[in-house]
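To keep things clear, I will list the structure first and then write my remarks on it.
The values are calculated or read from the model by the stated rules, or taken from the named source; none is laboratory data. Quantities reported herein were computed from a predicted structural model and do not represent experimental measurements. Reconstructed Cβ throughout: ideal geometry from the backbone, glycine too, with neighbour counts over all protein chains shown. Note: accessible area is taken over every heavy atom of the protein model, side chains too, but ligands, DNA and RNA are not part of it. Shrake-Rupley method; radii C 1.70, N 1.55, O 1.52, S 1.80 Å.
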Amino acid sequence: QVQLVESGGGSVQAGGSLRLSCASSRSIFSINTMGWYRQAPEKQRELVAGITSGGSTNYADSVKGRFTISRDNAKNTVYLQMKGLRPEDTAVYYCAATQGISFYWGQGTQVTVSS
């Protein structure tokens, strides 16, 4: 089992920045992939960014150049640095981890961007 706890959400104005953190109950060194998803009201959950154990990253087209995912294995934490936030980035952001055939979710943290 892997427990994930997100933090860092909040309310900002358009153009602002936030950094989300995801703390894992287990060492993330051995976790295959970690990522951030988001779900806006009445929309499907979508992948925002992912990072592999080897450090490879991928991003949704809508956030490329604005968001950066990183991982600190020593702290068992994954981060999502968000800059240039837009109202359309408003959503609940979820941390996720893939370990073998298992998939784990955090409880989510709200990000609200006002225009």
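Tabulated results
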read-out: Those lysines that a straight Cα-Cα span of less than 22 Å connects to residue 64, excepting residues fewer than 8 apart in one chain; value: 43, 83
read-out: The stretch 1-84: Cα Rg divided by the 2.2 N^0.38 Å rule of thumb; value: 1.09
read-out: Rounded to whole Hz, the Karplus (6.51, -1.76, 1.60) HN-Hα couplings of the stretch 8-17, x for glycine and proline; value: x, x, x, 10, 9, 8, 3, x, x, 10
read-out: Where only C-alpha atoms are counted, convex hull volume of the stretch 49-107 per residue in Å³; value: 104 Å³
read-out: Computed lengthening from residue 40 to residue 73, 0.36 nm per intervening residue step minus Cα-Cα distance; value: 8.9 nm
read-out: Theoretical gain in end-to-end length, residue 86 to residue 11 [0.36 nm per residue, Cα-Cα removed]; value: 25.9 nm
read-out: Rough spin-label spacing in nm, given labels placed 7 Å along Cα→Cβ, for residue 99 and residue 23; value: 1.7 nm
read-out: Whole-Hz couplings from phi, Karplus 6.51/-1.76/1.60, listed for the stretch 106-115; x for Gly and Pro; value: x, 8, x, 9, 7, 10, 10, 10, 9, 8
read-out: Alpha carbon centroid spacing (whole Å) that separates the stretch 12-29 from the stretch 37-82; value: 9 Å
read-out: Derived scalar couplings ³J(HN,Hα) [the stretch 48-64; Karplus, 6.51 cos²θ - 1.76 cosθ + 1.60; whole Hz; x for Gly, Pro]; value: 9, 7, x, 9, 8, 5, x, x, 5, 10, 9, 9, 5, 4, 5, 10, 4
read-out: Built amide H within the under 5 Å cut-off of residue 48, gap 5+; value: 36, 37, 38
read-out: For residue 80, net neighbour charge (Lys/Arg +1, Asp/Glu -1) across residues whose Cβ lies under 10 Å away; value: +1
read-out: Unit charges on C-beta of K, R, D, E only; dipole of the chain, Debye; value: 200 debye
read-out: Rough spin-label spacing in nm, given labels placed 7 Å along Cα→Cβ, for residue 114 and residue 32; value: 4.3 nm
read-out: Sequence of 93, 79, 59 when ordered by accessible area, the most exposed leading, probe 1.4 angstrom; value: 59, 79, 93
